[in-house]
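The values are calculated or read from the model by the stated rules, or taken from the named source; none is laboratory data. Note that the structure is predicted; figures quoted are calculated from it, not measured. Virtual Cβ from ideal backbone geometry, glycine too; neighbours counted across all protein chains shown.
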Amino acid sequence: MIKKLKSEINVCSICNTEMPAEITHCPNCKADLIKGYIDTSARQRRRWSIIFLLFVCSLSFYYLYPTSPQPRLLIIIFAIALVLSIALPYIYFKAKNKDKVIWKRKRL
């Protein structure tokens with residue numbers, strides 16, 4: 001995480017270099033300041049949320065399609081539900097972690 005000494009100074013948590021707050025790249029260790037960082041466990045929860053929502057959409061389509069009086073409308077609703085089941089977990093976890101800040105080095 002980022003350590004703040006004053007409102008206008010940031011400290012890199014990797015090499016402890018002090019720098020102005022507007023700099024997002026450490027000149028000493030080449031680490032980048034990442035805002036809205038989503039850690040591994042949150043990414044895994046997001047992945048399982050997407051799989052669950054896709055499964056629910058597919059299952060509901062499977063049971064509703066044979067009895068639907070308007071199958072074209074059901075296909076349109078199913079397509080919208082598929083897009084939302086992929087987009088909503090991304091939006092939720094990005095909004096949840098928007099204030100999370102971390103210094104991270106790029107892999108060589």
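Selection of first residues in region 87-98 that are at negative phi and of second residues that are in a helix (DSSP H, G or I), restricted to Cβ pairs under 6 Å at least 6 apart or on distinct chains, gives the following pairs, ordered by first then second residue: Pro89/Arg46; Pro89/Ser49; Pro89/Ile50; Phe93/Ala42; Phe93/Arg46. Within region 33-52, residues that are closer than 19 Å to Arg105 by Cβ have Cβ atoms under 8 Å from residues that are of a type in the set (Lys, Arg) and assigned to a helix (DSSP H, G or I) in these pairs: Gly36/Lys94; Ile38/Arg46; Ile38/Lys94, counting only partners at least 6 apart in sequence or on another chain.
Residues in region 21-67 that are within 15 Å of Ala79 (Cα to Cα) and of a type in the set (Val, Ile, Thr) were compared, and the one that is surrounded by the fewest Cβ atoms within 10 Å (Cβ to Cβ) is Val56.
Just one of the listed residues (Ala87, Ala79) is modelled with pLDDT of 90 or more, within 15 Å of Ser49 (Cα to Cα) and exposed (fewer than 14 other Cβ atoms within 10 Å of the Cβ), and it is Ala87.
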